[in-house]
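Taking it in order: structure first as structure tokens, then the write-up.
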Amino acid sequence: MDLHTLTIQEASELLKSKKISSVELTQAILQRAHDVDPKVKSYVTITDDLALEQAKQADERIAKGENITPLTGIPFAMKDCISTRGVKTTCSSKILENYVPQYNATVTNKLADAGAVLVGKTNMDEFGMGSSCENSAFFNTHNPWNLDHVPGGSSGGSASAMSASLATFTIGEDTGGSVRMPAGFCNVTGIKPTYGRVSRYGLISLVSSFDCIGPMTRDAYDCATVLEAIAGHDEKDSTTYNSTVPSYTKNINKSVKGMKLGIPKEYFVSGMEAGVESSIQEAIRTYEKLGMEIHEVSLPTTQYGLPVYYLLLFAEASSNLARFDGTRFGLSKSENAKDVIDIYLQTRREGFGDEVKRRIMLGAYALSAGYYDDYYLKAQKVRTLLRRDFETAFSKVDILLAPTCPTTAFK
């Protein structure tokens, strides 16, 4: 039995029946990571000692029959922008290369409480700024299916680790596709939850009004299992929903007969790779055979989505990244500095990569006096129009189906 290929559901059943131990499962995952990751480069940090200690604790829980959850003893990897107490959290940036948080993110705590085992932190585009995992300050991550191709981004490390069986599940973060795109490129299942469903406390922010933490797994059932564990209200994040977390696994195998499937006509555009379009059309035919009603819908403001997203991303990112100034945490460059302003400039010049600098400058410009109304405020208004498009569509259908990307993974 190849332990590293097990789903969460399969591994949990074996652990509960004591046919395998969490230590054995974790050792298999760690060995696989050390053997394969030098080629894939999905991990920034592998936490061997911590993982084995957590695995021993999980085995003790299982032996006592106390507080066993579907994730007890299950090894996972975390995107390196989510805080882990005592473990480096770098955002794949030189400015945080040696930053070790003194606290856990809420998601980290929830997974620890569930008994999951942290095996490492995964590579990403620096501060989440990119879609190929080529903007990391440390190294590029490769797609396990073809090492010459990208895994997608910015959660490319989490997707490639999942795809290469270097963890039983992984945690990513999605601002504008950063779970969905790499999951698609690496052929794994990923979910970007509704904003506010999962706490952002302890997530190093990129765009506070977009950022969502979400899982990547081998199948939909596993994704539902992880989402149940990490979702829920958090007093430390005022944007979380104060509502009961439903059982996402409960209805997963129910019939879809009679449900209305919406196909947004604006999402099927010229330039789409032929294989992508044919796969989506095949999926539509499959759902139709399963009894779903197929309806074409329109999202007329779609053409403005990308410029609106980038304007808001640049603006919020420039504000969020202002905290990295060399005086509180992370990199600090003060050699020959004349004053504190010199420390700011030297630190940010050496600590941030080119893509991050570009986006900070564009965001600062969009927020500057005289341009705020023309750019940031207008983008927020169009964002409202985009939201109304979706509200109108969902008043007519239950689900929207579209390709994650118009192409497969590129070189």
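Every read-out reported here was derived from the displayed coordinates using simple, explicitly stated rules and does not represent laboratory data. For clarity, every value in this text was computed on a predicted model and none was experimentally measured. Methodologically, a virtual Cβ is constructed for each residue, glycine included, from the backbone with ideal geometry; neighbour enumeration extends over all protein chains shown.
At R0 = 25 Å, how high is the FRET efficiency between V269 and K396 if r is their beta carbon distance? Nearest 0.05 is fine.
Calculated value: 0.70.
Which whole-number percent gives the relative contact order of segment 255-411, counting Cα pairs below 8 Å spaced six or more residues apart?
Relative contact order, segment 255-411: 39 percent.
Take the Cα radius of gyration of segment 1-105 and divide it by 2.2 N^0.38 Å, with N its residue count; two decimals is plenty.
Relative to the 2.2 N^0.38 Å estimate, segment 1-105 comes out at 1.16.
Using just the Cα positions, wrap segment 276-320 in a convex hull and report its mean projected area in square nanometres, one decimal place.
The orientation-averaged projected area of the Cα hull of segment 276-320 comes to 5.2 nm².
Using label points projected 7 Å from each Cα along Cα→Cβ, tell me how many nm separate N140 and D49, to one decimal.
Result: 3.5 nm between the two label points.
For segment 279-310 and segment 22-73, compute the distance between their C-alpha centroids and round to whole Å.
39
Explain nothing, just compute: Karplus ³J(HN,Hα) = 6.51 cos²θ - 1.76 cosθ + 1.60, θ = phi - 60°, for every residue of segment 158-174 in order, whole Hz, x for Gly and Pro.
5, 5, 5, 5, 5, 5, 8, 6, 9, 6, 7, 7, 10, 10, x, 9, 10
For segment 229-271, take every pair of Cα atoms, bin their distances at 5 Å starting from 0, and report each bin as a whole percent.
Using 5 Å bins, I get a P(r) of 5, 14, 12, 12, 11, 17, 16, 10, 3, 0 for segment 229-271.
How long is the gain from S247 to E288 if the chain were fully straight, where each residue apart is worth 0.36 nm and the alpha carbon distance is subtracted?
12.1 nm
Kirkwood Rh and Cα-based Rg: tell me the resulting Rg over Rh for segment 40-172, rounded to two decimals.
Rg/Rh: 1.00.
So for segment 255-411, if I pair up every lysine 8 or more residues apart or on another chain, how many of those pairs have alpha-carbons under 29 Å apart?
Close lysine pairs found across segment 255-411: 18.
Starting from a Cα-only point model with no solvent, please compute log10 I(q)/I(0) by Debye for segment 3-230 at q = 0.07, 0.08, 0.09, 0.16 1/Å.
-0.18, -0.23, -0.30, -0.99
Please list, in chain and number order, the residues 5+ apart from T45 or on another chain whose amide H is under 5 Å from its amide H, with Hs placed from the backbone.
Correct list: K121.
Based solely on C-alpha atoms, express the radius of gyration and the Dmax of segment 148-195 in angstrom.
Values for segment 148-195 (Cα only, Rg and Dmax): 9.7, 34 Å.
Give the value in nm², to one decimal: projected area of the alpha carbon convex hull of the chain, averaged over all directions.
21.5
Between Rg and the Kirkwood Rh of segment 255-411, both from Cα atoms, what is the Rg to Rh ratio?
The Rg/Rh ratio comes out at 1.16.
Determine the gain in length on full extension of the stretch K257-F329; use 0.36 nm per residue of separation and subtract their C-alpha separation, reporting nm with one decimal.
That works out to 20.5 nm of additional length.
Using the Karplus equation 6.51 cos²θ - 1.76 cosθ + 1.60 (θ = phi - 60°), what ³J(HN,Hα) coupling, rounded to whole Hz, does each residue of segment 326-341 give in order, writing x for Gly and Pro?
Values, residue by residue: x, 10, 10, 7, x, 4, 9, 10, 10, 4, 6, 6, 7, 7, 5, 4 Hz.
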